[in-house]
Structures are given as C-alpha cells and as structure tokens.
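What follows is a single structure, written as structure tokens, with notes after it.
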Amino acid sequence: MNLTIYNTLTRKKEVFKPINEPNVGLYVCGPTVYGDPHLGHARPAITFDILFRLLKHLDYKVRYVRNVTDVGHLESDADEGEDKIAKKARLDQLEPMEIAQRYTIRYHDAMKMLNTLPPSIEPRASGHIIEQIELIKKILKNGFAYESNGSIYFDVEKYHEKYNYGKLSGRVIEDMISSTRKLDGQDEKRNSIDFALWKKANPEHIMRWPSPWSIGFPGWHLECSAMSTKYLGEPFDIHGGGMDLVFPHHECEIAQSVAANGKEAVRYWMHNNMITINGQKMGKSLGNFITLEELFEGNHKMLTQAYSPMTIKLFILQAHYRSTLDFSNEALQAAEKGLSRLFAAARLLTKIKPSANSTVNVNELWEKAYTALCDDLNSPIALATIFDWVRIINSLSEGKETITQADLKTLKSTFNTLVFDILGLANEQLADTKHTNLAGNLMEMILNIRLQAKANKDFATSDKIRDDLAKLGVTVKDRKDGFDWEI
C-alpha cells in the first residue's frame, strides 16, 4: 500500500517515494531543554512516532534522528536576548549543561510514559559545534553570509536574488522587510531580516566556543542543517516538526542548505498543528500553560482529575495531526472513556468463543483503518473504524454476531497491530508484566467468588463485591457466560 503525506513545501499530498529505498531518513526537531516537557511537546512526538512505526511496518529501514537544542536558542528570533538555557542556568545557579541534562532526562521520561519509540540517533547541538562552523564556512565562501564585529549573518536579500526565501512559509520578502522594525543593537546587520549563523559572545555569556571569527556560539537554525545532513546525508527524505517552526526556523534551514550546497536537503516537509486551550494558543504568558507532569498528576487548575499518559495520547490521536487540537478537561474525560472501551475490547477478544461461521467481515477493519493511516496519517478515521469494531467485538462477546476460529485469529492480530503496534497505545493496566498475571488472577478469583455467590442466591455478598469494586473504579459487567470487568 502506498503512503501519502502532505508536503508543506508543495502544499499538497504526495505519494511517498524514498530517495534510497528501502532506506528512509527521518529528521524531527526535538525540544529546547530548558523547562519541563509540556502538552505542546507531546503532539509532534506522538505524530512522528506513528510515522516512524508506520514506515517500519511498511518494511522500510528507517533512521530516525531527533535533535536536542541545548545551545543557541535565544529569547528572541531577532537574534537578541539571552540563550534560553543559559538564562535558566543563571536563575537556578547551575551550569547550563546541568539544566540541559535535567530537562533532557525529564523529556525522555515523559516520552517513555507516552510509549513513543526512541529515535535512532539523538544528537545535541552543543556536540556538533565543529560541523556548524564548517557549514558557516561554506555559506561564507559562496557569498551568502557576511561577518560583522565577530558575528556571522546570513544575507537574506542576496540569497533571494538567486533563490526563493519564503518558499516554505509562503511569506513575501518585500513584506517581511517592510514589516520588520529596526531593533536596538541590530546595527551590525545589513538588513533586519538577516539571521545569525554565529554570534560573538558578550563577556557575560556563559556558553561559548572558539571559531575563526570570535569566541561565540552558533545560531539556533544552524544546528538542524548541520546535524540532519551529517546523519542522514543530502538530500534526505522527511523533515518534521511543529507548525510554529515553519518560519523562521525551517525557512532558514532551507536557505542555509541551498546556500552551502546549491541544492535543498529535504524532499518532504511535514508539520503538525498546534494545541490550543479553550481556543487560545497555549503559553505561559496567557496562564494556560500545562506540563505533562501536571496532566499525569492532575495538579492544575484546569483539571478535575489526573489523566494517564495513554489518555493524553488518545486525545491527541483523535484529531488529524495537521488540524488544530483544542484542549479541555471535558475532551480528556471523553478520551478516558474511549480508552477504557478500547482496552475492554482488547480483553474481550481473548474470551470470545469461535463458531462454525462468521457473520462479520474481519478484513474491513484492516482495509479501512490501515488505508486511513497510510493516507497522511489519518488517525481520526482509523480510530473511528477501530471503535466501530469495538461495538462489533461487544456483539461477538454477547453472541449477537458469530466468528470462525480463523477469522477470530485475524481479528485479534489486526486489532493488536493497529492499536498497539502502529498507534502505539499501551494498555497501562498490563504494562508491568511482573504484576500482570497476579492482578488479573486476583480479579478473576474475586469475580468468581461473586459468581458463586449469585449462584447460591447470596445477592448481598454479590452486590457488596460489585459495589466495593465500583468504589475502586472497577466496573463489573455480567454476561450470559460469565462476567467482564474494566477499570
């Protein structure tokens, strides 16, 4: 089956054709590690985790590179202000690399809880200063950058005379020039839209390295151009990230690569859309910023309870990655209920008894859901199909539909492949394999005692077991041939 993806550069869906099939190079912009991972970090991680899983399922050999920005990202995109990590280090009275390490670990912990696969390579900007300096030398040699007081700036107007600056974002350079005010301290730039490739460090700047031009540090945009091509070659297949990175970050990446090598480094650009909260863009200044830890623990004013990582994941998957996703406590509650139904169906699949014939067409689940995922990662359509089959699984369990042994095997395999292998949902109730059997066996024992009590017409005991389990969040469902339960 062909995979189609929406290419931000061409603004249309295209059939994916790897440059060096079956090898695929995938590069995704990772976090700037100066704060706790938040809801905004979760969406690109989950989006490109599904792409990674799907590509592997399609039998591609994928090298997935996700960077860590630990230097060069200033407070302003206009190349002014403090380095974000250095500022956090100064406030916390720690070394910058302590800050970077602390929040990198927290990011990894959160991504593991969300059951995203680790990348093949995870390079850090601070570990690739030499590569970035070499890239600057190329751009200078080709005449698309200039030195000013020890800093190196990319000459956007000169580049635009030969190439097209703004092709990814759709911005017009004349409009950018006219709308960009001249900032204090930016006199060393020839034009306000020029961006830094290398910044000479002020005496108080903590993170600094020697270069042919000054003691300083690389610009934010440079790291991805240098590291992506180092590990994936040039050109490579897919570059991903959040839509907020289209401009200036990814626009500048394209310009740097073309200026250095005369050709673009990336074939397909993919971008996930933003998460809003009650219709507003999420941000600390608006007071609607929420970390993943707050979501998992429920300690935020917007939450009425804690939510599991898989609830967060299902909430994100219910919207197409290119659409805006609005966060609310109510939406999370709905996702939690959906997740419970999904995992209950997975459990029911292990209990369904086969019949001599099938009244259901099990191939429809794979055909519709898999086709949707291969159509630009359309997870909402895939999930809608899966939930249609949750209802069918319930009907099979209740004897309203029948299924043969062969079809049941196919259904189990298809359901598990879609839900657990490709969408990456993990049954948190079964995540700890050491305790899985014990917990399941205890529940079976308790409910069998209840079943025996009902058979003995000891309804007081039967009802007490059911009610006490309900207080613990366990719902018991009586069926003709026994019982089922879900948390």
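Run through every distinct alpha carbon pair of region 52-181 and return the Kirkwood hydrodynamic radius in angstroms, one decimal place.
Hydrodynamic radius (Kirkwood, Cα only) of region 52-181 equals 18.4 Å.
So which of Lys313/Lys351; Lys87/Lys158; Lys17/Lys313; Lys56/Lys409; Lys137/Lys263 end up more than 25 Å apart by C-alpha?
From Lys313/Lys351; Lys87/Lys158; Lys17/Lys313; Lys56/Lys409; Lys137/Lys263, over 25 Å: Lys313/Lys351; Lys87/Lys158; Lys17/Lys313.
I need the calculated FRET efficiency for the pair Lys56 and Phe459, taking r as the beta carbon distance and R₀ as 41 Å, to the nearest 0.05.
Once the sixth-power term is evaluated, E becomes 0.20.
Find how much the distance from Glu330 to Asn164 grows on full extension, using 0.36 nm per residue of separation minus their present alpha carbon separation; answer in nm with one decimal.
Extra length from Glu330 to Asn164 when fully extended: 55.3 nm.
Within region 132-235, list the trypsin sites (Lys or Arg not before Pro) lying in a DSSP loop whose Cβ has at most 14 other Cβ atoms in a 10 Å radius.
Those satisfying the criteria are Arg181, Lys182, Arg190.
Could you please report the charge total around Gly25, scoring K, R as +1 and D, E as -1 over all other residues with beta-carbon less than 14 angstrom from its beta-carbon?
With Lys, Arg at +1 and Asp, Glu at -1, the net is +3.
May I ask you to derive the FRET efficiency for Glu75 and Lys351 from their Cβ-Cβ distance with R0 = 51 Å, giving the value to the nearest 0.05? Let's see the in-between values first.
Numbers: r = 57 Å, r/R0 = 1.11.
Between Glu75 and Lys351 the formula returns 0.35.
Suppose the chain between Ala406 and Ala384 were pulled fully straight at 0.36 nm per residue; how much longer would it get relative to their current alpha carbon spacing?
5.5 nm
Report, to one decimal in Å, the Kirkwood hydrodynamic radius for region 101-152 based on all distinct Cα pairs. Please report the intermediate quantities before stating the final value.
Numbers: mean 1/r = 0.0709 Å⁻¹.
Here the Kirkwood hydrodynamic radius works out to 14.1 Å.
For region 17-272, what is the per residue volume of the convex hull drawn over the alpha-carbon atoms, in cubic angstrom?
122
Which chymotrypsin sites (Phe, Trp or Tyr not before Pro) does region 13-85 hold that lie in a coil by DSSP with at most 10 other beta carbons within 10 Å?
On the way: sites: Phe16, Tyr27, Tyr34, Phe48, Phe52, Tyr60, Tyr64; in loops: Phe16, Tyr34, Tyr60.
Filter output for region 13-85: empty list.
If amide H atoms are built 1.01 Å from N in the plane of the peptide, which residues on other chains or at least 5 residues away come under 5 Å of the amide H of Phe327?
Under 5 Å from the amide H of Phe327 lie the amide H atoms of Thr276, Ile277, Asn278, Gly279, each far enough along the sequence or on another chain.
Could you tell me what fraction of 2.2 N^0.38 Å the Cα radius of gyration of region 113-183 comes to, as a two-decimal ratio?
Region 113-183 yields a ratio of 1.55.
What are the DSSP H helices in the chain that stretch 15 Å or more along their long axis, judged by alpha-carbon atoms, and whose average Kyte-Doolittle hydropathy comes to at least 0.0?
Length and hydropathy pass: 39-57, 129-141, 222-232, 251-261, 329-349, 379-397.
Most exposed first by the Cβ proxy, i.e. fewest other Cβ within 10 Å, how do Phe415, Phe420, Phe217, Phe459 rank?
Placing the least packed residue first, the sequence is Phe459, Phe420, Phe415, Phe217.
Give me the Kirkwood hydrodynamic radius of region 201-281 in Å, from all C-alpha pairs, to one decimal place?
14.7
Got a sec? How would Leu451, Leu339 order by Cβ neighbour count within 10 Å, fewest to most? The partial results should precede the final answer.
Details: Leu451 15, Leu339 21.
By the 10 Å Cβ count, ascending, the order reads Leu451, Leu339.
Restricting to DSSP loop positions (anything but H, G, I, E, B) with no more than 16 other Cβ atoms inside 10 Å of their own Cβ, which trypsin sites (Lys or Arg not before Pro) remain in region 319-425? Before the final figure, lay out each step's value.
Values: sites: Arg322, Lys337, Arg341, Arg347, Lys351, Lys368, Arg391, Lys400, Lys409, Lys412; in loops: Arg322, Lys351, Lys400.
Those satisfying the criteria are Arg322, Lys351, Lys400.
Suppose we look only past 17 Å in the calculated P(r) of region 343-429. What percent of the Cα-Cα pairs does that tail hold?
44
Stokes-Einstein diffusion coefficient for the chain at 10 °C in a medium of 1.306 mPa s, Rh from the Kirkwood formula over Cα pairs: what value in µm²/s?
Working: Rh = 25.2 Å.
Using the Kirkwood radius from Cα pairs, D works out to 63 µm²/s.
How would you rank Val156, Val246, going from fewest to most other Cβ atoms within 10 Å of each one's own Cβ? List each step's numbers first, then the result.
Values: Val156 24, Val246 18.
The fewest-first ordering by Cβ neighbours comes to Val246, Val156.
Where the eigenvalues come from the Cα gyration tensor of region 277-429, what are the semi-axes √(5λ) of the equivalent ellipsoid, largest first, in whole Å?
34, 17, 11
Throughout, read-outs are computed from the coordinates displayed, never taken from laboratory work. A quick note: this is a predicted structure, and the numbers were derived from the prediction, not measured. Note: ideal-geometry Cβ built from the backbone for every residue, glycine included; neighbour counts use all protein chains shown.
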